[in-house]
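*Asks:* Handing you this structure, nothing more for now.
The values are calculated or read from the model by the stated rules, or taken from the named source; none is laboratory data. These figures come from a predicted structure and were not determined experimentally. Note: ideal-geometry Cβ built from the backbone for every residue, glycine included; neighbour counts use all protein chains shown.
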Amino acid sequence: MALDTHRAVKDLEEAGFEEPAAEAMVSLVSTALAENVATKTDISDMATKADIANLATKSDISDMATKADIADMATKADIADTATKADIVNMATKQDIAELRSELREEIRDLDGRMTVRFIWVSLGIVIITTSLTSGIIGFLNQLQG
């Protein structure tokens, strides 16, 4: 707000004030206005009604986490050694493990059966060889005696 100080002094003189008194009054009013009236620059950084309308209210933030809530949460360091979703996707499930156990049991039974059959064949071979050797030795001994 600009004050036309010359016009104000003239108006006060026309109202009956002497020039020094009129100038002193206009100076006081001018100083008071300069110190107490905000300029466009003074209010340019102030919030507008739209700015205030966009601010959060107490009810808007009532459900937000407090410092105490956050203090109880895990930090990045706390969760650095935990499994990621990708790790979990690649892990075997209980069902997978149960199926593997079942397959292994079948393979062990099959292997055990094959080993039993081989053992029988090896044992039979040993019996045949032993029988042949025994027959040979008996024949040899019979020839020596006869």
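*Asks:* I'm checking my understanding of the structure. Among residues of region 29-56 that are within 25 Å of residue 3 (Cα to Cα) and assigned to a loop (DSSP other than H, G, I, E, B), which one is farthest from the chain's Cα centre (by Cα)?
*Replies:* 37
*Asks:* Also, I was wondering about something else. Given (1) surrounded by fewer than 10 Cβ atoms within 10 Å (Cβ to Cβ); (2) more than 35 Å from the chain's Cα centre (by Cα); (3) among the hydrophobic types (A, V, I, L, M, F, W, C), where does residue 26 come up short, assuming only one miss?
*Replies:* Tallying (1) surrounded by fewer than 10 Cβ atoms within 10 Å (Cβ to Cβ); (2) more than 35 Å from the chain's Cα centre (by Cα); (3) among the hydrophobic types (A, V, I, L, M, F, W, C), residue 26 fails exactly one: (1).
*Asks:* Here's another thing I want to ask about it. Can you find a residue that is on the phi < 0 side of the Ramachandran plot and in contact with a Leu (Cβ under 8 Å, 6 or more places away or on another chain) anywhere in region 106-127?
*Replies:* no
*Asks:* Here's a follow-up. Considering only region 57-146, give the helices (runs of 4 or more DSSP H) lying wholly within it that have at least 2 residues that are surrounded by 10 or more Cβ atoms within 10 Å (Cβ to Cβ) and modelled with pLDDT of 85 or more.
*Replies:* The helices (runs of 4 or more DSSP H) meeting that bar are 94-145.
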